[in-house]
1. Scan L202, L225, L194 and give me the residue that is closer than 17 Å to L255 by Cβ and either in contact with a Leu (Cβ under 6 Å, 6 or more places away or on another chain) or at pLDDT 95 or above (or both).
2. Residue by residue through the stretch 181-233, note down the ones that are in a loop (DSSP other than H, G, I, E, B), open to solvent by 20 Å² or more (accessible area, probe 1.4 Å) and within 30 Å of K20 (Cβ to Cβ).
3. So which residues in the stretch 1-44 are open to solvent by less than 10 Å² (accessible area, probe 1.4 Å), touching a helix residue (DSSP H, G or I) at 6+ places or on another chain (Cβ under 9 Å), part of a loop (DSSP other than H, G, I, E, B) and of a type in the set (S, T, Y)?
4. Take the residues of the stretch 172-183 that are touching an Asp or Glu at 6+ places or on another chain (Cβ under 9 Å), of a type outside the set (A, V, I, L, M) and more than 16 Å from E143 (Cβ to Cβ): which is modelled with the highest pLDDT?
5. If you go through the stretch 497-508 one residue at a time, how many are surrounded by fewer than 19 Cβ atoms within 10 Å (Cβ to Cβ) and in contact with a helix residue (DSSP H, G or I) (Cβ under 7 Å, 6 or more places away or on another chain)?
6. Restricting attention to the stretch 108-158, which residues are small (G, A, S) and under 26 Å from R272 (Cβ atoms)?
7. Checking the conditions here, which among R480, R504, R498 is under 30 Å from L526 (Cα atoms) and in a helix (DSSP H, G or I)?
8. Do the conditions hold for I59, that is, is it in contact with a Phe, Trp or Tyr (Cβ under 7 Å, 6 or more places away or on another chain), surrounded by fewer than 24 Cβ atoms within 10 Å (Cβ to Cβ) and touching a residue at least 12 places away in the same chain (Cβ under 8 Å)?
Amino acid sequence: MNFAHLHVHTEYSLLDGSNKIKEYVARVKELGMTAAAITDHGVMYGVIDFYRAARAAGINPVLGCEVYVAPGSRFDKTAVGRDEDRYYHLVLLAENNTGYANLMKIVSRAFTEGYYYKPRVDYELLETYHEGIIALSACLAGEVQRNLARGMYEEGKKAALHYEQIFGKGNFFLELQDHGIPEQRTVNQQLMRLSQEIGIDLVATNDVHYTYAEDEKPHDILLCLQTGKKLADEDRMRYEGGQYYVKSKEEMAALFPYAPEALENTQKIADRCHVEIEFGVTKLPKFDVPEGFTSWEYLNKLCFDGLKRRYGEDPDPALVERLNYELGVIKSMGYVDYFLIVWDFIHFAKSNGIMVGPGRGSAAGSIVAYTLAITNIDPIRYQLLFERFLNPERVSMPDIDVDFCFERRQEVIDYVGRKYGNDKVVQIVTFGTLAAKGVIRDVGRVMDLPYSFCDTIAKMIPNELNITIEKALQMNPELRGMYESDENVRTLIDMSKRLEGLPRHTSMHAAGVVISQKAMDEYVPLSRASDGTITTQFIMTTIEELGLLKMDFLGLRTLTVIKDAADLVYKNHGIKIDVNHIDYNDHTNPDAVLIDYNDKKVLDYIGTGRTEGVFQLESAGMKNFMKELKPQSLEDVIAGISLYR
């Protein structure tokens, strides 16, 4: 007998699943299975991580989601009779690439259109995007099972036939589960009867929420973290019986001796599911250029106009050669539109009085960026290397981080949304995780251990980047000693280690914005941040791997302070300072006073170490370093920052 797990919650069923993807895939492989699914609650956060891990292990990844189905319209946000009737559960699996694309749309619309307590879909959405999807009737919270559990057999039958009509014959299955709950056994008998009566096949699943049987206790603690309860509380959410782990074929066969076909159907369904996800192929949006130009011609025009503006009407042939070289690399790598897009929104910002940073990172080494006024740092004067930014031998998306005035950053994002379409411009999700110190305090609270005790243990974890509890045990002999000698410490640490690293909540990336060719849900599933902003369900690195254009719109308060200071100088003294040009000989704006970046008084002041609020120079270490360095030129400051970093 073959078997595949088709109803599985991973760590991305936030604070509900403790089944870490890498451990899950390794366990499936160890059990001799050839396929496995991911079906997190209402989301697809983990599908790419799972896809890659499964493929690497030789496991066929079945990509899915356990969605919440509204009893009426997804647009209806009013309360219904019982809390449990706000939504039903339904498992959706992508059979092919069409199904995967449709699944992304279904899950996205659940957030953008149907969110009410949970991201909800409805029949209309399922009918519209059913192609390429296989559906399972889910757990006791599924519509069919809920009706059967209430003794409403005809309503259950009607719901099953409705789902079959939506997804098509052979694409909807009645799901048997047995976690030792008496109600499940009653419902399973009804499902067997229903299957024979209406000819819908059965499938057997285990509602996996953790990897190993011994994970029951740490998973119970995780549920307490989700609900704000303690283990000792009587009235709380719990998964009774300890059966929600990745079971072997033999364990599943022992549970369902009366339905061998339901077990075989898991493998048959998995064998039907094959999705191919494309990585590394760029999907840049097209920039609309003025009539009579191609993108390439327009970029050249802007750059050569900028070359004359920066270096005079008759620039040195070496500058022309450098510009042509960079443009050639940009064209050969397919990034012409990328530079036009960045030029455009920076041009918008500057035209509307929004302060823009002079440039940071490797992009400052590009004369193309300098002539387009994307950066204001002369790469020739400062001998900066273009190849650190773009190198034909190392194909990767260019990455220009742009600083904007903290108070007006959103105006630039709104402009980009208007220009390319708000459905094509989306901010990026990030995940907060249960990190070493925090998870010890959280687990200790759930276990009702004294705060001072947990705090003492947490403080023994070294303050080191990416520290783990296991590393801390190796680094701190005192902690190791307590772990080996004190039962309470051992239990606290063992439980914490099983939960460490799990994502605990979502938030929005501080700067990352994605811009796509087509509607974003063609490429990635979408969710909704706590303030209502639409975000991707994939993190920044995954977005880049999928070939989408990720831009960093950084809000820098220092820029706001500089602009305010310059405005106050003009208001109080009538002197206009041009803070956008750092070359003292650059008279692009003849009406403004340019800043002398080798002003001795300023450099002497930096040498006193009193540099609070000065970007890159405000840490205690940099202040001390500047006092010792006593910089005599801007180059000294540059060298100092580089050496210190």
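1. Details: L225 fails: closer than 17 Å to L255 by Cβ; L194 fails: closer than 17 Å to L255 by Cβ.
Exactly one of L202, L225, L194 is closer than 17 Å to L255 by Cβ and either in contact with a Leu (Cβ under 6 Å, 6 or more places away or on another chain) or at pLDDT 95 or above (or both), namely L202.
2. Correct list: I181, Y212, G228, K229, K230, L231, A232, D233.
3. Hits for the stretch 1-44 are T10, S18.
4. Let us first name the residues in the stretch 172-183 that are touching an Asp or Glu at 6+ places or on another chain (Cβ under 9 Å), namely 172-174, 177, 179-181.
From what is left, the residues that are of a type outside the set (A, V, I, L, M) are 172-173, 177, 179-180.
Checking which are more than 16 Å from E143 (Cβ to Cβ) leaves us with 179-180.
On the way: H179: 94, G180: 91.
The selected residue is H179.
5. 1
6. S108, A110, G132, A135, S137, A138, A141, G142, G156
7. R498
8. no
The values are calculated or read from the model by the stated rules, or taken from the named source; none is laboratory data. Being a predicted model, the structure only gives us computed values, none of them experimental. Note: ideal-geometry Cβ built from the backbone for every residue, glycine included; neighbour counts use all protein chains shown. Accessible surface areas use protein heavy atoms only, side chains included; no ligands, DNA or RNA. Shrake-Rupley method; radii C 1.70, N 1.55, O 1.52, S 1.80 Å.
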